[in-house]
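Asks: Encoded as structure tokens, here's the structure I'll be asking about.
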Amino acid sequence: MPRRTGGAGDGTATADGALLSIGAVLSRLRDEFPEVTISKIRFLEAEGLVEPQRTPSGYRKFTAGDVERLAYVLRVQRDHYLPLRVIREQLDALDRGERVTLPGPTEPREALDGPEPAVLPEEPPEELRIGREELLAATGADGAELEQWESYGLVEAGRDGGYDAETVNIGRLIADLGRYGLEPRHLRAVPFSPSFC
């Protein structure tokens, strides 16, 4: 998809389709995704999941469709723990007008299907894992924080270097507790488990 250029506006949403600044997009998304940050929006752009327009001076300007696309990505990450690669394939399928089905709360991950095989994850669904950058994006943490969590044994990558859904939940919990002043060293004795999270 070619990069679009141009765009104007003051960053506020209007009914006539005016473009939004990254701050206005953040404001719109925070109602449903309070943990989202400008860094995460930029990360999702860098991963090719959204392509905002640019003003001549280089400022990002987002359409209402861009905001919907970001919301879809954040929702699927939060609710289904899908890797960005799979989400990108789903977005491509949606762009082609195809139907994409996500697993429900009680459905097995094998139920992830779509009209094209490309929508299915390559690895077995029970082994569905995310990478380091995706874990950082899902938790809002930075690389140094993740290294600290790992050094205290709070989270651990699998043999393949990936992280499972339980690790995402634990990472989010550690990040949330950090906002209240609890550091990873304080959490070493906490028995993190799926029931605790």
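No value in this document is a laboratory result; all are computed from the given coordinates. Source: prediction; values computed, not measured.
Asks: Can you list residues whose amide H is under 5 Å from residue 61's amide H, if they're 5+ apart or on another chain and H is modeled 1.01 Å from N?
Replies: Those qualifying (amide H under 5 Å, at least 5 residues apart or on another chain) are 53, 54, 55.
Asks: Starting from 0.36 nm per residue, how many nanometres of slack lie between residue 98 and residue 54 once their C-alpha separation is accounted for?
Replies: Values: separation 44, 0.36 × 44 = 15.84 nm, distance 2.87 nm.
Contour length minus the Cα-Cα distance gives 13.0 nm.
Asks: Give the separation of the Cα centroids, the stretch 31-58 to the stretch 156-184, in Å.
Replies: 23
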